[in-house]
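Undergrad: First, the structure itself, so that you have it in front of you.
The values are calculated or read from the model by the stated rules, or taken from the named source; none is laboratory data. For clarity, every value in this text was computed on a predicted model and none was experimentally measured. Every residue, glycine as well, gets a Cβ built from its backbone with ideal geometry; the counts of neighbours run over all protein chains shown. Heads up: the accessible areas ignore ligands, DNA and RNA and are worked out on the full protein's heavy atoms, side chains in. Shrake-Rupley method; radii C 1.70, N 1.55, O 1.52, S 1.80 Å.
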Amino acid sequence: MPPLMAIEFLCRVADVLSDYLGGLNEDVIKDNFVIVYELLDEMIDNGFPLTTEPNILREMIAQPNIVSKVLSVVTGNSSNVSETLPGATASCVPWRTSEPKYANNEVYVDLVEEMDATINRDGALVKCEIYGEVQVNSHLSGLPDLTLSFANPSILDDVRFHPCVRFRPWESHQILSFVPPDGQFKLMSYRVKKLKSTPIYVKPQLTSDAGTCRVNVMVGIRNDPGKTIDSITVQFKLPPCILSADLTSNHGTVNILTNKTCSWSIGRIPKDKAPSMSGTFVLETGLERLHVFPTFQVSFRIMGVALSGLQIDKLDLKNLPNRPYKGFRALTRAGEFEVRS
């Protein structure tokens with residue numbers, strides 16, 4: 001079997017369990033073991049992936065709640081599986097609930113992007129790319145047919161689609177044609193490579209002699225995206241050879257955590273000054289200079305803009321009784337964004 005099939009299926013299992021249980025860790029699985037077992041029983045049959053769509057699974061297996069847990073304790077019946085199969089399992093669109101009805105028809109499309117960047121010690125951009133997802137939240141009656149087109153689809157690489165997407169229209173015209181699942185789902189993911197710049201800069205300077213190391217880190221806006229950059233934090237791990245650290249900043253708060261991680265929470269960059277953090281490290285006895293330099297992990301968030309430059313052109317909807325509401329949003333945040341010193 002193709003290795004990617006196993007990886008994709010495991011990712012789908014993790015997504016479904018997180019969706020059902022509100023998180024995924026050992027304790028959550030122990031507490032909801034019956035539901036996990038029932039979900040796996042429906043998702044994989046004799047070694048083959050079967051029903052992996054969350055919307056259909058919800059019709060088959062009830063989500064855990066306080067009432068169902070109390071009832072299972074009182075009655076001794078711990079099964080959450082429905083007696084009847086969802087109608088969609090036998091239809092040509094098995095990912096969609098059969099004939100949902102809504103008083104208000106609405107569909108929301110979100111572009112969610114993560115910027116991965118590596119900046120070397122000279123401040124040069126080694127790598128900068130975007131991993132993005134098109135997330136759709138659909139509440140539409142009947143069996144709607146949607147067509148989504150982009151203004152500049154040629155910039156996209158490594159595209160992956162939800163099973164509802166018809167591949168031929170994308171292959172010939174770069175148009176997404178699909179019958180959406182009911183509720184929230186990931187329509188596609190993509191990558192945009194070789195970006196030329198980042199929205200913010202981080203400039204670390206470390207100089208060491210006579211057993212101490214002076215550190216100074218400056219943060220500022222390099223390319224203004226036109227929207228507010230917020231939730232900015234800079235983190236780095238103190239090298240093992242450092243005995244103590246004394247750090248202060250002119251904006252935001254600096255905390256040194258128990259695992260020797262230094263976290264500088266900036267929030268938003270003020271207009272009147274560039275945030276900077278400075279201080280000293282005391283090295284181990286016998287060490288004159290610092291030989292292991294930290295790598296700075298940067299995180300940020302920009303609402304209302306997709307830094308890849310991807311733009312939605314239009315969204316057409318067919319087979320709907322009345323005019324639906326359409327909403328579009330964009331969000332970019334930092335992924336693996338690191339600055340070497």
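Undergrad: Going by alpha carbons, how many degrees (0 to 90, nearest 10) lie between the helix axis of 33-43 and the longest principal axis of the chain?
TA: Result, in degrees: 70.
Undergrad: Any idea what log10 I(q)/I(0) is at q = 0.08, 0.09, 0.12 Å⁻¹ for the chain, Debye with uniform C-alpha scatterers and no solvent?
TA: With one equal scatterer per Cα and no solvent, log10 I(q)/I(0) is -0.56, -0.68, -1.01.
Undergrad: Hey, what's the stretch 268-341 come to in accessible area per residue, 1.4 Å probe, Å²?
TA: 61 Å²
Undergrad: Pick out which of 308, 154, 231 has the largest mean-square fluctuation in a Gaussian network model of the chain, springs linking Cα atoms closer than 10 Å.
TA: Highest fluctuation of the listed residues: 154.
Undergrad: Please say if the stretch 171-276 is rounded, prolate or oblate, where rounded means a/c under 1.5 for a ≥ b ≥ c the square roots of the C-alpha gyration tensor eigenvalues, and otherwise the choice is prolate for a/b larger than b/c and oblate otherwise?
TA: prolate
Undergrad: Continuing with this model, one more query. Can you list the lysines whose alpha carbon sits under 28 Å from that of residue 101, skipping same-chain ones fewer than 8 residues off?
TA: Excluding near neighbours in sequence, the set is 186, 314, 318, 326.
Undergrad: Could you do me a favour and compute the accessible area per residue for the stretch 148-234, 1.4 Å probe, result in Å²?
TA: The answer is 49 Å² per residue.
Undergrad: For a Förster distance of 41 Å, can you work out the FRET efficiency between the beta-carbons of residue 205 and residue 27, rounded to the nearest 0.05?
TA: Once the sixth-power term is evaluated, E becomes 0.40.
Undergrad: Something else: Limiting things to C-alpha atoms, what are the Rg and the maximum Cα-Cα separation (Dmax) for the stretch 109-148, in angstroms?
TA: Both quantities, over Cα of the stretch 109-148: 17.9, 58 Å.
Undergrad: Let me ask something additional. State the percentage of accessible surface on the chain attributable to carbon and sulfur atoms; use a 1.4 Å probe and exclude ligands, DNA and RNA.
TA: 52 percent
Undergrad: Which whole-number percentage describes the relative contact order of the stretch 174-331, with Cα contacts under 8 Å and a sequence gap of 6 or more?
TA: So the answer I get is 26 percent.
Undergrad: Same structure, new question: Checking the cross-link filter: which lysines have an alpha carbon closer than 25 Å to that of residue 273, excluding same-chain neighbours under 8 positions apart?
TA: Qualifying lysines at Cα under 25 Å: 203, 227.
Undergrad: Take every Cα pair under 8 Å in the chain that's 6+ residues apart, average their separations, divide by the length, and report that relative contact order as a whole percent.
TA: Rounded, it is 19 percent for the chain.
Undergrad: Helix 3-21 versus the longest principal axis of the chain: what is the Cα-based angle in degrees, 0 to 90, to the nearest 10?
TA: 90 degrees
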